[in-house]
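The values are calculated or read from the model by the stated rules, or taken from the named source; none is laboratory data. All values reported here derive from a predicted model rather than from experimental measurement. Note that we place each Cβ from the backbone using ideal geometry, even for glycine, and neighbour counts take in every protein chain shown.
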Amino acid sequence: MAALVKLAFIRGSGMPPWLAAAYADHVLAECVLVGGARRAARIAVKYWKDKSTLQFIGMKRPEEFLGKSREMVIALRETGGYFESFLWSSNNSVAVDQEFWDAVDHVRSGRPNATPLQLHAYAVWLQVMDFNYGDGTGEPGFLRRQAAGQRQLHRAVSEGTLRWIQPLPGGRGDEADAP
């Protein structure tokens, strides 16, 4: 019943629809706990070109980490404290494609005349690296969209290094071609 009351407050909160949906999803997932363990595994994905992707990347960040550099967060984590986000119930990923990786490569290589979209891709990549590695959560990750529809999951290991996990077994992937 408490979840329904929380949902009522979300409705008129003025949050962007995608963020209100994330909060509603979390409130409902909190109800599905057994022995304190999450039992409602879901994934939340935002396409890299969306203007609100940077906000999405940071929405699970613990309050203690807000406004801090990667190095400051790592030092804070080394104190042994426990840091948890409110929106802990879903696994978050940023959907990327070859255009994203080409844009990141363009900016990282130092080539001149980067477009606003290329700079946005680089900002998305940097923020994922900072939060994934710096926060020590492995999140968010990358969900790669390919032209053939086959999806591959990517987990950032450290800045500049990505480990590529094999395509999902048996999945066509064509159902996920839209962002």
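What do you reckon, is MET72 in the same structural domain as ASP130 (by TED's automatic domain parsing), free of Cβ contacts under 8 Å to residues at least 40 places away in the same chain and surrounded by fewer than 16 Cβ atoms within 10 Å (Cβ to Cβ)?
Values: in the same structural domain as ASP130 (by TED's automatic domain parsing): yes; free of Cβ contacts under 8 Å to residues at least 40 places away in the same chain: yes; surrounded by fewer than 16 Cβ atoms within 10 Å (Cβ to Cβ): yes.
Yes: the conditions hold for MET72.
Within the stretch 102-119, track down each residue that is assigned to a helix (DSSP H, G or I) and free of Cβ contacts under 8 Å to residues at least 12 places away in the same chain. So that I can check it myself, show each step before the final result.
Start the filter on the stretch 102-119 by keeping residues that are assigned to a helix (DSSP H, G or I), which leaves 102-108, 116-119.
Result: ASP102, ASP105, PRO116.
Please find, among HIS106, HIS120, the residue that is within 14 Å of PHE56 (Cβ to Cβ), surrounded by fewer than 21 Cβ atoms within 10 Å (Cβ to Cβ) and in the same structural domain as ARG61 (by TED's automatic domain parsing).
Result of the check over HIS106, HIS120: HIS120.
Inspect all residues belonging to the stretch 31-48 and state whether any of them is assigned to a loop (DSSP other than H, G, I, E, B), at pLDDT 90 or above and surrounded by 11 or more Cβ atoms within 10 Å (Cβ to Cβ). Step through it out loud before you land on a result.
Start the filter on the stretch 31-48 by keeping residues that are assigned to a loop (DSSP other than H, G, I, E, B), which leaves 31-32, 35-36, 39-42, 48.
Next cut, at pLDDT 90 or above only: 48.
Those still in the list that are surrounded by 11 or more Cβ atoms within 10 Å (Cβ to Cβ) too: 48.
Yes; the residues of the stretch 31-48 include at least one that is assigned to a loop (DSSP other than H, G, I, E, B), at pLDDT 90 or above and surrounded by 11 or more Cβ atoms within 10 Å (Cβ to Cβ).
With PHE100, PHE56 as the choices, which residue is of a type in the set (Phe, Trp, Tyr) and within 20 Å of ARG42 (Cβ to Cβ)?
Criteria check complete, one pass: PHE56.
State yes or no: is GLY81 surrounded by 12 or more Cβ atoms within 10 Å (Cβ to Cβ), among the small types (Gly, Ala, Ser) and either part of a loop (DSSP other than H, G, I, E, B) or assigned by TED's automatic domain parsing to the domain that holds VAL27 (or both)? Please lay out each step first, then the result.
Working: surrounded by 12 or more Cβ atoms within 10 Å (Cβ to Cβ): no; among the small types (Gly, Ala, Ser): yes; either part of a loop (DSSP other than H, G, I, E, B) or assigned by TED's automatic domain parsing to the domain that holds VAL27 (or both): yes.
For GLY81, the condition - surrounded by 12 or more Cβ atoms within 10 Å (Cβ to Cβ), among the small types (Gly, Ala, Ser) and either part of a loop (DSSP other than H, G, I, E, B) or assigned by TED's automatic domain parsing to the domain that holds VAL27 (or both) - is not met.
Which of the residues spanning the stretch 78-93 are among the charged types (D, E, K, R) and closer than 22 Å to LEU54 by Cβ?
If the condition is that a residue be among the charged types (D, E, K, R) and closer than 22 Å to LEU54 by Cβ, then GLU84 is the only one that fits.
Please verify whether VAL96 is touching a helix residue (DSSP H, G or I) at 6+ places or on another chain (Cβ under 7 Å), at negative phi and modelled with pLDDT of 80 or more, treating the condition exactly as stated.
Numbers: touching a helix residue (DSSP H, G or I) at 6+ places or on another chain (Cβ under 7 Å): no; at negative phi: yes; modelled with pLDDT of 80 or more: yes.
Criteria not met by VAL96.
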